């Protein structure tokens, strides 16, 4: 099945927004940050705003919906794409470049005794030690080795790889924010029916606590796909289409199955709107599921599944 992406032909980027709402009730718990807790701020018109999910966390969630943990592989629609798998010393799955925070730059891939991936990178990118970095060539290497890094970015900070200058920004980014928020204060107590006055420092005793959740009439997820960046790698039309379809799959799958951020933050997608370009119609998840296997096999790329063993 083919996808109609003609409306994106000359578009520099695709902008989407999705209206979200709690699955049950009205309260939700946002992401928290060390020392500041929930990220509350004033909007440009003085409205009370709240960051529900950050760009960093969203990247992790958009990646997570692509991985089948039981099979230790891409979800069926994406099977055949490149990825680096990491095994432990007992040959059991440890992690992989899709779910690692720094993707192919993960220390489990580059810092262990198994130097297989590092050797490939050094061999393919050896001519970039001096002079301008050829990002197109870097992208072509990632395409075969770790295609996900072309969507969510890569930064190979090792000095022996082009002096630590190999980096690609995210092509797909997203965040969730809430507008006109109000605090829903509550609390509870950790009960110790055996010894209520026990040493709380050791886990005994009753421990009361406060809890802040929030309510909002408008929770919105925003997505930005930089098509110009993907186009700038000068891949074939087939590869460009595959990368765009992969990004759209991530968004659609996330909105359908990835919105349970936390125990107290379980959301539903109410609607999705294309903000730019206006004439583009976002494909359904069903259409993307049907199209992607043919896009993967028809890309004309030697996608690799590289396996390394992590040993300190």
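The values are calculated or read from the model by the stated rules, or taken from the named source; none is laboratory data. Every value quoted in this text rests on a predicted model; they were computed, and no experiment measured them. Methodologically, a virtual Cβ is constructed for each residue, glycine included, from the backbone with ideal geometry; neighbour enumeration extends over all protein chains shown.
Listed values, structure above:
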{"quantity": "Pair list, Cβ < 6 Å and 6+ apart or interchain, from the stretch 183-208 residues that are free of Cβ contacts under 8 Å to residues at least 24 places away in the same chain to residues that are exposed (fewer than 11 other Cβ atoms within 10 Å of the Cβ) and part of a loop (DSSP other than H, G, I, E, B)", "calculated": "204/195; 205/197"}
{"quantity": "Test for residue 294: is it in the same structural domain as residue 38 (by TED's automatic domain parsing), under 23 Å from the mean Cα position of the chain (by Cα), outside any loop (DSSP other than H, G, I, E, B) and at pLDDT 95 or above", "calculated": "no"}
{"quantity": "Residue that is nearest to residue 309 (Cα to Cα), among those in the stretch 80-97 that are under 18 Å from the mean Cα position of the chain (by Cα) and not in a strand (DSSP E or B)", "calculated": "97"}
{"quantity": "Some residue of the stretch 248-263 being more than 19 Å from the chain's Cα centre (by Cα) and in contact (Cβ under 8 Å) with a residue 60 or more places away in the chain", "calculated": "yes"}
{"quantity": "Hits in the stretch 253-287 - residues which are within 30 Å of residue 216 (Cβ to Cβ) and assigned to a helix (DSSP H, G or I)", "calculated": "253, 254, 255, 256, 257, 285"}
{"quantity": "For residue 284: the one exception among (1) more than 30 Å from residue 40 (Cβ to Cβ); (2) touching a helix residue (DSSP H, G or I) at 6+ places or on another chain (Cβ under 8 Å); (3) surrounded by 15 or more Cβ atoms within 10 Å (Cβ to Cβ)", "calculated": "(3)"}
{"quantity": "Residue in the stretch 17-40 that is assigned to a helix (DSSP H, G or I), without any contact (Cβ under 8 Å) to a residue 24 or more places away in the chain, out of contact with any strand residue (DSSP E or B) (no Cβ under 6 Å at 6 or more places or on another chain) and surrounded by fewer than 16 Cβ atoms within 10 Å (Cβ to Cβ) present", "calculated": "no"}
{"quantity": "Selection from the stretch 110-120 of residues that are assigned to a loop (DSSP other than H, G, I, E, B) and free of Cβ contacts under 8 Å to residues at least 12 places away in the same chain", "calculated": "111, 115"}
{"quantity": "Selected residue [surrounded by 12 or more Cβ atoms within 10 Å (Cβ to Cβ) and not assigned by TED's automatic domain parsing to the domain that holds residue 264] from 192, 199, 160, 146", "calculated": "192"}
{"quantity": "Cβ pairs under 6 Å, 6+ apart, first in the stretch 51-75 and on the phi > 0 side of the Ramachandran plot, second assigned to a strand (DSSP E or B)", "calculated": "72/93"}
{"quantity": "Any chance residue 49 is part of a helix (DSSP H, G or I) and either in the same structural domain as residue 249 (by TED's automatic domain parsing) or at pLDDT below 95 (or both)", "calculated": "no"}
{"quantity": "Any hit, the stretch 121-139, residues being crowded, with 21+ Cβ neighbours inside 10 Å, within 18 Å of the chain's Cα centre (by Cα) and part of a helix (DSSP H, G or I)", "calculated": "no"}
{"quantity": "Residue match in the stretch 246-257 (condition: out of contact with any strand residue (DSSP E or B) (no Cβ under 8 Å at 6 or more places or on another chain), over 30 Å from residue 26 (Cβ atoms) and buried (at least 20 other Cβ atoms within 10 Å of the Cβ))", "calculated": "yes"}
{"quantity": "Complete set of residues in the stretch 140-177 that are assigned to a loop (DSSP other than H, G, I, E, B) and closer than 30 Å to residue 251 by Cα", "calculated": "146, 147, 153, 157, 165, 169, 170, 171"}
{"quantity": "Residue 212 being modelled with pLDDT under 95 and not in a strand (DSSP E or B)", "calculated": "no"}
{"quantity": "In the stretch 147-165, the residues that are within 28 Å of residue 222 (Cα to Cα) and either without any contact (Cβ under 8 Å) to a residue 40 or more places away in the chain or more than 14 Å from the chain's Cα centre (by Cα) (or both)", "calculated": "155, 156"}
{"quantity": "Subset of the stretch 203-234 (residues that are on the phi > 0 side of the Ramachandran plot and surrounded by fewer than 14 Cβ atoms within 10 Å (Cβ to Cβ))", "calculated": "203, 234"}
